[in-house]
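Peer 1: Would you mind keeping the following structure in view while I ask a few things?
The values are calculated or read from the model by the stated rules, or taken from the named source; none is laboratory data. The shown structure was predicted, so the numbers you read here are calculated from the model rather than taken from an experiment. A quick note on method: Cβ atoms are made from the backbone with ideal geometry, for glycine too, and the neighbour counts reach across all protein chains shown. When the accessible area is computed, the model is the full protein with side chains, heavy atoms only, and any ligands, DNA or RNA have been set aside. Shrake-Rupley method; radii C 1.70, N 1.55, O 1.52, S 1.80 Å.
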Amino acid sequence: RSDAQFYRRGEKSDRLLGSGRAPGRLPEDGPSELAAVTRQFNRMAENLERNESMRTLMLAGISHDIRTPLTKLRLLLAMKQLDEHIAGGYIQQIDTILGQFLDFGRTEGDEAPSVLDVNILVQQLAAEFGERGDTFALNLDSALPAMRLRPLALQRAIANLMENAVRYGRIGLAVDTQVGDGCVSIRVRDAGPGIPPDQVEYLMRPFTRADDARSNNGGTGLGLAIVDRLARIHGGDLRLESPPEGGLHATIVLPVQA
């Protein structure tokens, strides 16, 4: 009887899932083999619902964030006061917004890992920022081991934090690397306004912005969420700290076995 009930519940959920509706959670009881199948189905359904929710959020976010620069462009066109440099600035803003959404939606898990020297990657990024006038002090731990990582994903994560420090911190820019307790940490620091401690967890969510001087009025609120997602692909995480003296410390922590 329990087998028949299981198959009836499964058929109903399968029909709901096939029609694009949420099937709900199946009870994970019964014989061990059936319970294992049910758990796998529930996880699959949860992943599909999460992806659908994220797709809806992204579409709503794109529509919301590019509306302002597009409206300004239309106004300038209507007034016949469209300056080439001003228009270029709005177009660049739209391009940046779309780029962040693409970064957030991109699946970096398909990139093949390779042996990487994190210190060299940080030095390369610091040189690129230096060429445009943004100087980062480097404090690199020479004991860092070579690790198997996804180079483009990690480069994108570190560059995102450095860009955030330049844009909102402006002063006291630095990158530190350190190994200890089985982890490698990459910390990007600035001496800017910082963020209130009660906003740290809030800012890790997609499409959120700070209420203070670090608020990204022209962005998507995706920067830190992108970095956290890229860190988790490597089995690590992103940690934010606003020290008493001010500024923000954003640290990517990666397990050495990654």
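Peer 1: Put Ile233, Ile91, Ile252 in order of accessible area, largest first, 1.4 Å probe: what do you get? Write out the running numbers ahead of the final one.
Peer 2: On the way: Ile233 50, Ile91 100, Ile252 0 Å².
Sorted descending by solvent-accessible area, the residues read Ile91, Ile233, Ile252.
Peer 1: Separate question: Using heavy-atom solvent-accessible surface (probe 1.4 Å) with all chains present, what is the largest-first order of Asp95, Asp198? Write down the numbers at each step before the final one.
Peer 2: Numbers: Asp95 95, Asp198 130 Å².
Correct descending sequence by accessible area is Asp198, Asp95.
Peer 1: List the residues, sorted by chain then number, that are 5 or more residues from Asp237 or on another chain and whose placed amide H is less than 5 Å from its amide H.
Peer 2: It is Val253, by chain and number.
Peer 1: Once you charge only the Cβ atoms, +1 for Lys and Arg and -1 for Asp and Glu, what is the size of the charge dipole of segment 111-151 about its Cα centre, to the nearest 20 debye? Kindly include the intermediate steps, with their values, before the conclusion.
Peer 2: Details: 3 positive and 6 negative charges, 28 e Å.
Dipole about the Cα centre, nearest 20: 140 debye.
Peer 1: For Ser32, what accessible area in Å² do you get when you roll a 1.4 Å probe over the heavy atoms of the protein chains, rounding to the nearest 10?
Peer 2: About 80 Å², rounded to the nearest 10.
Peer 1: Please report the accessible area of Phe136 (heavy atoms, 1.4 Å probe, ligands and nucleic acids excluded) in Å², nearest 10.
Peer 2: 20
Peer 1: For segment 130-197, I need the span (max minus min coordinate) of the C-alpha atoms along each principal axis, in Å, sorted largest to smallest.
Peer 2: Computed over the Cα atoms, the extents are 33, 28, 21 Å.
Peer 1: Sorted by accessible area with a 1.4 angstrom probe, largest first, how do His85, His234, His249 fall? Numbers along the way, then the final one.
Peer 2: Values: His85 155, His234 15, His249 35 Å².
These residues rank, largest area first, as His85, His249, His234.
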